[in-house]
Amino acid sequence: MEFIIKISQFLLSLSLLIVLHELGHFIPAKLFKTKVEKFYLFFDVKFSLFKKKIGDTVYGIGWLPLGGYVKIAGMIDESMDKEQMAQPPQPWEFRSKPAWQRLIIMLGGVTVNFILAYVIYVGISFAYGDSDVKVESLKDGYWIDNPVLQDFGFKTGDKILAINDIPVVNDSDIGFNLIAAERVTINRDGTDQVIELPEDFLGQFSSSKSKRNFELRVPFMVGQVADTSLNVNKGLELGDVIQSINGKELKYFDQVEDMTKGLEGSTITVEILKKDNSVITKELELDAEGKFGIHAAYDPARFEELGYFDVFRKEYSLGESFVAGGQKFTKTIYNYFDQLAAIFNPSTGAYKGLGGFKAIYDQFSPVWSWPYFWGLTAFLSIMLAILNLLPIPALDGGHVVFLLYEIISGRKPSEKFLERAQVVGFFILIALVLFANGNDIFKAITN
């Protein structure tokens, strides 16, 4: 079920982004009376899952979910249709249009991606408002389970005060500021201290086996009981909180492993806090690995009610949502440029964490959450826009560079030059795709 939920979100988000991006090219092409021969979701290598011709355009769905495309007549692109380009230019072809029209057509895709991200952030602000955990309300700091973070000197219980001297007020501040982190100020057992991070911190962290960051310390709340669990018929309900194991208090989920060590394959007694705040006792089974077979749930409102932390909440009117959404939009763009800067700086080692489609798939939640889905889709839309603006000939950004040169200089690059540039760009793009997805495969094998 977890796989079905994640792959459904992945394909839905990917399809939405691809269709709207290509629509951004399609609409101005049509407005400027440029013939669009194909409009495809996914790639139709050898065959299509679906196709239908309407007017001059064949609309279809390919079988290879690595992207999509529109084939515009008279345009040098990845199709490398040399036969068409060898014919005299026709008035309805891309190459026959003025440079400013061609520029608008090429910028249409990334423009739609940026607009989509902004609209989503506005919608999220209006529908869900903002909520975040106030870091100062964390009584016992963060859960540090990632071995890489432990090697840098962090320990469970540390309170995060500042990153690069920028105060950490809300929990989300950590994720945004950690990309360019050089030092982190913490409070441990009542004493402030500074942990200096190595230059390749981001590379070590992003390529580590564990994906856990600085995790909030929360109780062991029952989410889903696995079908294969020994406790599948024990009457556990969503929202139950396991408070003790064999008479010993279990305050945080991160204490479970230590408390069950040595009890593998045994029956244990637990106290459970129900949603109505009543407490019951149950006997549960641990499997041979000392696991309950229970997926933990995350419910900030309930955790706040139980006194684990304070949650900051703010609702927005429709007008205020445009401002709040804009702030999220610009913050995400700056954050992603910081990531790119780190990736292209070999000394940071951030390139080691570069991932492909599996890395994107892994970002989706195993439970369906519309706020999370839309937030991730907005981020991916910005990512798609920025990556497409890179000045690589096979990407929109490469076409834009040549068009700007033509507009400024008044001289159009020869079609032979553009064809060669397209080939070079294509191989660069393939190399990047292979590297990113190769990283995914390498991590899957080595981890």
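The values are calculated or read from the model by the stated rules, or taken from the named source; none is laboratory data. Only a predicted model underlies this, so the values are computations on that prediction, with no experimental measurement involved. Cβ coordinates were reconstructed from backbone atoms using ideal geometry, including for glycine residues, and neighbour counts include every protein chain displayed. Remember, those area values only see protein heavy atoms, side chains included, never the ligands or the DNA or RNA. Shrake-Rupley method; radii C 1.70, N 1.55, O 1.52, S 1.80 Å.
Excluding ligands and nucleic acids, what accessible area in Å² is computed for V225 using a 1.4 Å probe, to the nearest 10?
30
Enumerate the aspartates and glutamates that K134 could reach by cross-link, defined here as Cα to Cα under 16 Å, with residues fewer than 8 away along the same chain left out.
D158, D171, D173, E215, D299, E304, E305, D310
Once Cα extents along the principal axes in Å is worked out from the coordinates, which option in (1) 149, 97, 46; (2) 87, 52, 44; (3) 85, 49, 48 does it equal?
So the calculated entry is the one marked (3).
Which whole-number value in Å³ per residue fits the convex hull of the alpha carbons of the stretch 231-303?
For the stretch 231-303, the hull spanned by Cα atoms encloses 91 Å³ per residue.
What do you get for the angle between helix 318-343 and the principal long axis of the chain? Use alpha-carbon atoms, 0 to 90 degrees, nearest ten.
The answer is roughly 80 degrees.
With a Cα-only, solvent-free Debye model of the stretch 185-286, what are the log10 I(q)/I(0) values at q = 0.11, 0.24 Å⁻¹?
Values, matching the q order: -0.51, -1.37.
State which stretch of the chain is the longest one without any exposed GluC sites (Glu not before Pro), exposure meaning a DSSP loop state and at most 12 other Cβ atoms within 10 Å.
Value returned for the longest uninterrupted segment is 1-181.
So which lysines pass the test for K53, namely a Cα distance under 19 Å, with those fewer than 8 places away in the same chain ruled out?
The reachable lysines, counting only those whose Cα sits under 19 Å from K53, are K30, K33, K35, K38, K71.
Classify the stretch 254-374 as rounded, prolate or oblate from the Cα gyration tensor: take a ≥ b ≥ c as the square roots of its eigenvalues, call it rounded if a/c is under 1.5, otherwise prolate when a/b beats b/c and oblate if not.
It comes out oblate by the Cα gyration axes.
What is the local net charge at G356, summed over the other residues whose Cβ is closer than 14 Å to its Cβ (Lys, Arg +1; Asp, Glu -1)?
Around G356, the surrounding residues sum to +1.
Would you mind checking K209/K443; K234/K291; K159/K261; K155/K211; K46/K416 for any pair whose Cα atoms are more than 19 angstrom apart?
With Cα atoms farther than 19 Å apart: K159/K261; K46/K416.
Would you kindly calculate the translational diffusion coefficient of the stretch 321-411, applying Stokes-Einstein with the Kirkwood radius from alpha carbon pairs, for 25 °C and a viscosity of 0.890 mPa s, and quote it in µm² s⁻¹ without decimals?
157
Give me the dipole magnitude in Debye, nearest 20, for the chain about the Cα centre, with unit charges on the beta carbon: positive for Lys and Arg, negative for Asp and Glu.
2080
Rounded to the nearest whole Å², what accessible area per residue is found for the chain with the 1.4 Å probe?
Averaged over the residues of the chain, the accessible area is 52 Å².
I want to verify the translational diffusion coefficient of the stretch 293-447 in µm²/s; compute it with Stokes-Einstein, Rh as the Kirkwood radius over Cα pairs, at 20 °C and 1.002 mPa s.
Estimated diffusion coefficient is 110 µm²/s.
At 222 nm, what value in deg cm²/dmol follows for the chain if DSSP H runs of at least 4 each add -39500 (n - 2.57) and the sum is divided by all its residues, to the nearest 500?
Computed mean residue ellipticity for the chain: -14000 deg cm²/dmol.
Springs between alpha-carbon pairs under 10 angstrom, Gaussian network model over the chain: which of H399, H25, H295 fluctuates most?
Checking each option, the largest mean-square fluctuation is seen for H295.
Roughly speaking, to the nearest percent, how much of the chain's 1.4 Å accessible area is carbon and sulfur?
For the chain, the apolar C and S fraction of the accessible surface comes to 60 percent.
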